[in-house]
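Each remark here refers to the structure printed beneath this line.
The values are calculated or read from the model by the stated rules, or taken from the named source; none is laboratory data. This structure is a prediction, so every number in the text was calculated from the model and none was measured. Cβ atoms come from the backbone with ideal geometry, glycine included; neighbour counts cover every protein chain shown. Calculation scope for accessible area: heavy atoms of the full protein, side chains included, ligands and nucleic acids excluded. Shrake-Rupley method; radii C 1.70, N 1.55, O 1.52, S 1.80 Å.
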Amino acid sequence: MVPRNLNAVKKFSDRGVLTKQTPSEVAESSDVIITMLPSSSHVLHVYTGANGLLQGGNRLRPWLFVDSSTVDPQTSRRLSARISECVLKEKKGYVDTPVMLDAPVSGGVLGAEAGTLTFMVGGLEEAYIAAKPLFLSMGKSTIYCGGTGNGSAAKICNNLAMAVSMLGVSEAFALGQSLGITASTLTKIFNCSSARCWSSDSYNPVPGVMEGVPSSRNYDGGFSSKLMAKDLELAAASAQEVGLKCPFTSQAQEIYTELCKAGHEFRDFSCVFRHYYSGKDEI
């Protein structure tokens, strides 16, 4: 296994940050490991694949593994169980065995840049308490969600609500434009009434209404439609597993899958306003 993005590695090495060629090399020289990867398959590959973080067998140096990827709860639970079977090469304080926390984040690229992320954490509460200062060094808040996999479950639910909210707001803006109401006017109404939400007051999908958001730069950057489609697939699979009817999940998944097939997979997910609802820019 070699770095998938050598430019990213070089960016950090040029700043004097110590870099390694493989995850196993990182594990051999670290006490705490934090991963954030696109999908469950990437996470499993980095942890259990050739030259992965767990390549060293049952004796590990890191006492804490934190996975901030958005994955299904089952993946988080399987990895945590695998890590709990290992022992530490050297005892770290009160910890006898390595532990894993699933700790996905909310806040997106803008939150990461501003240091205002929210961490949703699942796993042993003792490990969460010990790791809390680490989370707060990277974000503004951290919420303990319960046992292993609950952080991942919380993130799936959060992103489902975010997708449905964005679709509802985009649909309302597009309808308003068709009825002769400007998006700027509707935004003012939404944001001082019961329709107010993150998609209207902080991440408005209509180009020309709000500065500093992806819609103001042709939907570049932000949270891609491809990742949203992936997260909705996780939500749909989780709903099916527990036998829960989730019609909004299915509809949202269909819309974002269609958006990706139309060539917009790398645009921010708010591009649904323009490329699915055919909404117009605010002039």
Legend entry - Flag if Lys89 is out of contact with any Leu (no Cβ under 7 Å at 6 or more places or on another chain) and open to solvent by 20 Å² or more (accessible area, probe 1.4 Å): no
Inset, instruction - Kindly indicate whether any position in the range 61-73 is over 21 Å from the mean Cα position of the chain (by Cα), under 14 Å from Ile83 (Cα atoms) and not in a loop (DSSP other than H, G, I, E, B). - result: no
Inset, instruction - Search the range 69-91 for residues that are over 18 Å from Pro38 (Cα atoms) and among the basic types (Lys, Arg) and pair each with any residue that is part of a loop (DSSP other than H, G, I, E, B) and open to solvent by less than 50 Å² (accessible area, probe 1.4 Å) when their beta-carbon atoms are under 8 Å apart and the residues are at least 6 apart or on different chains. - result: Arg82/Leu54
Legend entry - Selected residue (criterion: surrounded by the most Cβ atoms within 10 Å (Cβ to Cβ)) from residues of the range 142-174 that are over 13 Å from Tyr128 (Cα atoms), within 19 Å of the chain's Cα centre (by Cα) and among the hydroxyl-bearing types (Ser, Thr, Tyr): Ser152
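Condition check ((1) at pLDDT below 95; (2) open to solvent by 30 Å² or more (accessible area, probe 1.4 Å)) across all residues:
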{"position": "Val209", "(1), (2)": "no, yes"}
{"position": "Gly212", "(1), (2)": "yes, yes"}
{"position": "Cys246", "(1), (2)": "no, yes"}
{"position": "Ile255", "(1), (2)": "no, no"}
{"position": "Ala262", "(1), (2)": "no, yes"}
Inset, instruction - Identify, from the list Asn51, Asn159, the residue that is in a helix (DSSP H, G or I) and either in contact with a helix residue (DSSP H, G or I) (Cβ under 9 Å, 6 or more places away or on another chain) or of a type in the set (D, E, K, R) (or both). - result: Asn159
Legend entry - Odd one out for Val46, checked against (1) surrounded by fewer than 17 Cβ atoms within 10 Å (Cβ to Cβ); (2) among the aliphatic types (A, V, I, L, M); (3) part of a helix (DSSP H, G or I): (1)
Inset, instruction - Taking the residues in the range 264-283 that are assigned to a helix (DSSP H, G or I) and not basic (Lys, Arg) as candidates, determine which candidate is most open to solvent (accessible area, probe 1.4 Å). - result: His275
Inset, instruction - Considering each of Glu282, Glu241, Glu254, Glu258 in turn, give the residue that is free of Cβ contacts under 8 Å to residues at least 12 places away in the same chain and under 21 Å from Ala174 (Cβ atoms). - result: Glu254
Inset, instruction - Just give me the residues in the range 27-43 being touching a Phe, Trp or Tyr at 6+ places or on another chain (Cβ under 9 Å), open to solvent by 50 Å² or more (accessible area, probe 1.4 Å) and not aliphatic (A, V, I, L, M), in sequence order. - result: Asp31
Legend entry - Residues satisfying the stated conditions in the range 18-45, i.e. among the aliphatic types (A, V, I, L, M) and at pLDDT below 90: Leu18
Legend entry - Positions within the range 74-85 being under 17 Å from the mean Cα position of the chain (by Cα) and farther than 24 Å from Leu136 by Cα, in sequence order: Gln74, Thr75
